[in-house]
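> Sharing a structure here in structure tokens format.
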Amino acid sequence: MKLFAAALLALLPCLAATPPVDRAKATGNASAPITIEVFSSFDCPHCKLFHETVEPELIKDYVMPGKVYLVKREFPLSGQYHMFAREAAIDATAAARIGKYEPVADALYRNQGVWALDGKVWATVASVLTAADQAKVQALSKEPGVVAEVQQDYDEGMAGQVSSTPTIVITAKGKRYPFSGVPNYDLFRKFLDDLLK
């Protein structure tokens, strides 16, 4: 019993480090047998490809039938070629607070080639929001809790050794399987099917 208690105490810091799931940035049933976390940056072309090609198939084949719980995690890239990634992540997270994450994410990926170069992130975000929602998102994007959520996602990714985007972390039967890049959907589906057996 003492050994079990000591092991549990040793695990507590690891468990506490995982940020809670923002339900507004998750799709499906939280009690699904598989959880997939996607660490992505809105200015990453590979993330755009995943969002537009793999994700819709994944939702149709696994999330809607209740087999997968899909969680989006912000991992805004940084450096001279990623000057607007964090702003996009904060705006999208603020939009999640009013139930508008998906339309904003879709717009950011669809118009990635424009805002990622000219820095007009807000114009892209605002294009899919009503005037009232624009005011709410602008106010929320300045709230410390929204900024902290983006940072927590990023920190979790760093702790999990995420080094590129997208990174997909599959959790099933108590094990975690990280993958980097855009998977071949046929192979990805086979892997998920094997985990579900």
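> Answer with yes or no whether Val121 is more than 29 Å from Thr35 (Cα to Cα) and either touching a residue at least 24 places away in the same chain (Cβ under 8 Å) or under 20 Å from the mean Cα position of the chain (by Cα) (or both).
yes
> Can you find a residue that is at pLDDT 95 or above and β-branched (Val, Ile, Thr) anywhere in segment 7-26?
No, every residue in segment 7-26 fails to be at pLDDT 95 or above and β-branched (Val, Ile, Thr).
> Further question on the same structure: Look at His82 and say whether it is part of a loop (DSSP other than H, G, I, E, B) and either open to solvent by 50 Å² or more (accessible area, probe 1.4 Å) or within 26 Å of Trp115 (Cα to Cα) (or both).
The answer is yes for His82.
> Hey, another quick one. Checking the conditions here, which among Ala116, Ala105 is under 25 Å from Ala139 (Cβ atoms), of a type in the set (Gly, Ala, Ser), under 14 Å from the mean Cα position of the chain (by Cα) and crowded, with 19+ Cβ neighbours inside 10 Å?
Exactly one residue qualifies, and that residue is Ala105.
> With the condition kept exactly as written, say whether any residue in segment 110-120 is among the basic types (Lys, Arg) and not in a strand (DSSP E or B).
yes
> Can you confirm whether Glu143 is among the acidic types (Asp, Glu) and within 29 Å of Ser31 (Cβ to Cβ)?
Answer is no for this residue.
> Then there's this: Report, by residue number, each residue of segment 160-182 that is surrounded by fewer than 17 Cβ atoms within 10 Å (Cβ to Cβ), touching a residue at least 12 places away in the same chain (Cβ under 8 Å) and not in a strand (DSSP E or B).
Within segment 160-182, Gln161, Ser163, Ser164, Lys173, Gly181 qualify.
The values are calculated or read from the model by the stated rules, or taken from the named source; none is laboratory data. Computed from a predicted structure; not experimentally measured. Counting neighbours? That spans all protein chains shown, and the Cβs are built from the backbone with ideal geometry, glycine included. Heavy atoms of the whole protein, side chains included, go into the accessibility calculation; ligands, DNA and RNA do not. Shrake-Rupley method; radii C 1.70, N 1.55, O 1.52, S 1.80 Å.
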